[in-house]
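Shown next, in structure tokens, is the structure this report addresses.
No value in this document is a laboratory result; all are computed from the given coordinates. For clarity, every value in this text was computed on a predicted model and none was experimentally measured. With ideal geometry, Cβ positions are generated from the backbone for all residues, glycine too; neighbour counts draw on all protein chains shown.
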Amino acid sequence: MFIIPVGILFVIIFFVKTERYFAYHYTKGDCDGRGLFFYNKIYKEKNSIDYIFIGSSKTMNGINDSMMQRIINTKITTPINIYNAGYCRYGRNLNFIFLKEFLKNHSIKKVFFEVLPDEATNSHPMFPFIATSDEIISSANGFNPSIFSDTYNHFLMNLKYERCKFNLDYCDSIPVQQCKFGYNNIPQIADSKSLAKFIEIKTIEWNHYNSTIDKTAPDYKFSNYYLNEIKTICEKNNIELNFIYLSSYGNIIKTPAWKEEYEKMGKLIIAPDSIFLRKMYWKDNSHFNSYGADAFSKFLITQISP
């Protein structure tokens with residue numbers, strides 16, 4: 001009989017509507033505290049985004065939103081606002097949640113989602129904290145592989161929130177910092193020998209990469225579910241949907257495995273090899289440095305200008 005009241009208590013706490021500041025603050029130790037920057041941009045700097053870029057640290061380090069905005073606005077009469085909402089690691093479910101969050105207070109006209117050689121099939125580790133309880137339950141429709149751990153982690157966050165409300169736990173408060181742009185500038189240049197070694201290994205490993213991917217595999221139901229959710233919310237809000245292929249150094253895999261699927265949903269942007277092949281453009285084999293980000297961003301301007 002003890003199990004029943006414990007179960008009821010678990011459900012009650014799981015469905016607590018945690019304040020949004022607390023949820024974003026809960027991720028403060030992740031991705032250099034980027035969650036709090038997003039909170040400020042979503043809830044404090046309202047109506048300040050027209051074009052948004054959503055992806056992983058590859059987007060965060062690879063797209064210079066301030067430079068793009070400055071250059072584009074010199075060529076048009078009605079200025080636009082651009083924001084880089086890249087966040088560390090992969091997880092299509094968090095991409096979708098961030099789009100929903102930013103749409104609460106911003107009239108977004110164009111969204112650009114990062115795509116890789118393959119679709120990630122994992123739940124993002126920060127999903128259970130940024131998502132609401134209803135959004136976590138809904139993720140079961142997409143065969144969320146981490147539905148149980150996501151549910152448990154969301155419960156733990158809500159439990160701490162309730163304990164803080166009644167002064168049963170220590171909860172600090174961090175002033176929300178304003179951050180007009182989201183680009184993360186990294187001047188470091190990768191060691192040329194490590195890049196050469198990367199090419200040597202991956203050229204063999206990734207030979208005929210796309211042909212080895214079974215898109216009908218059960219794992220892909222998860223990413224497909226959220227891609228369709230993204231498409232639906234874009235259509236509902238009259239947002240132009242775009243995908244940007246962010247390859248690794250050398251661009252060994254020339255196109256993403258899901259190229260046809262992306263092109264059915266929106267525009268797919270693929271940069272020329274010349275950007276991916278230049279060694280001085282890389283911080284490591286996966287991320288652009290400031291030189292690469294500037295070059296890649298200048299290319300993007302030719303693709304997205306109003």
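Partnerless cysteines in the chain, where a partner means another cysteine C-beta under 4.7 angstrom, comprise Cys179, Cys234. How high is the FRET efficiency from Lys215 to Ser149, r the C-beta distance, R0 25 Å, rounded to 0.05? Once rounded, the FRET efficiency stands at 0.45. Computed FRET efficiency, Cβ-Cβ of Gln177 and Phe299, R0 35 Å: what is it to the nearest 0.05? The value I calculate is 0.70.
For Asn167 and Asn238 in one chain, what is 0.36 nm times their gap in residues minus the Cα-Cα distance, to one decimal in nm?
Working: separation 71, 0.36 × 71 = 25.56 nm, distance 4.45 nm.
Residue separation times 0.36 nm, minus the Cα-Cα distance, leaves 21.1 nm.
The Cα center of the range 1-46 and the Cα center of the range 58-111 differ in position by 23 Å. The range 245-306 and the range 183-235 have Cα centres separated by 11 Å.
Shape of the range 54-109 from its Cα gyration tensor (a ≥ b ≥ c, root eigenvalues): rounded if a/c is under 1.5, otherwise prolate when a/b > b/c, or oblate? Show your work: numbers first, answer last.
On the way: a/c = 4.07, a/b = 1.51, b/c = 2.70.
The shape class here is oblate.
When Rg and Dmax of the Cα atoms in Å is calculated for this entry, the matching label among (1) 20.3, 70; (2) 19.5, 58; (3) 18.3, 61 is (1).
Taking every DSSP beta bridge with both residues inside the chain, roughly what % is antiparallel (nearest 5)? The partial results should precede the final answer.
Numbers: 1 of 20 bridges.
Counting only bridges with both partners in the chain, antiparallel ones make up about 5 percent.
Classified by the C-alpha gyration tensor, the range 1-109 has a prolate form. Its axis ratio a/c, with a ≥ b ≥ c, is 1.5 or above, and a/b is larger than b/c. Axis of helix 192-205 versus longest Cα principal axis of the chain: the two differ by about 80°, to the nearest ten degrees.
Given in Å, the Rg to one decimal and the Dmax to the nearest whole number for the Cα atoms of the range 193-287 are 15.8, 49.
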